[in-house]
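The values are calculated or read from the model by the stated rules, or taken from the named source; none is laboratory data. Predicted model, so just to flag it, every value in this text is computed and none were measured. Don't worry about glycine lacking a Cβ; one is built from the backbone with ideal geometry, like all the others, and counts go over all protein chains shown. The protein model used for the area step is the full one, side chains on, heavy atoms only, and it has no ligands, DNA or RNA in it. Shrake-Rupley method; radii C 1.70, N 1.55, O 1.52, S 1.80 Å.
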Amino acid sequence: YLMAGTTTNLLYRQRGNLQTNNYIAASLVSATQNGADRTNHSFKGLSIFVDVTARNGTSTLTIALQSKDGNGNYSAIWTAAAALSATGQAKYLIYPTAENTESWTEMANTVLGAVEYRVIATYGGADTISFDIDLVELMA
């Protein structure tokens, strides 16, 4: 904690990067999966790691990031340019000064400015897909 005068103030709490494993864990699904709402504690960006472990037929997955307004409505901040249509891993970086130094699947020079947000995995196709999504909220 940082000091504000002579007392500790929670508003001045320092935070580092925050990792969330199994943010979405889906097994043999055939519908869009919405992640739980997250609160942005002054994070600048987000890394999204997707591991497609099983895929049947023509199933696909498109990853997106949505903000939530005060009325509970969601709007798109970012949507992946291409759907995932094979097993394997993909990693996305949403950050204001994103540079491709780690072979990201896709990067977006976007600020994670929303107070509340969620990641969604939009299902496509006619069969099932299994996947896991992990997040890392980035401070700097």
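Values for this structure:
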quantity	calculated
Label-point separation, E102 to Q89 (7 Å along Cα→Cβ), nm	1.0
Per residue, the convex hull volume that the Cα atoms of the range 38-125 enclose (Å³)	98
Cα-centre dipole for the chain with unit charges at Cβ (Lys and Arg positive, Asp and Glu negative), debye to 20	280
Candidates S130, S103, S30: whichever shows maximal mean-square fluctuation once the chain is modelled as a Gaussian network with Cα springs under 10 Å	S103
Solvent-accessible area, 1.4 Å probe, carbon plus sulfur percent, for the chain	46
Spacing of the two label points (7 Å from each Cα toward its C-beta) at D51 and N22, in nm	1.1
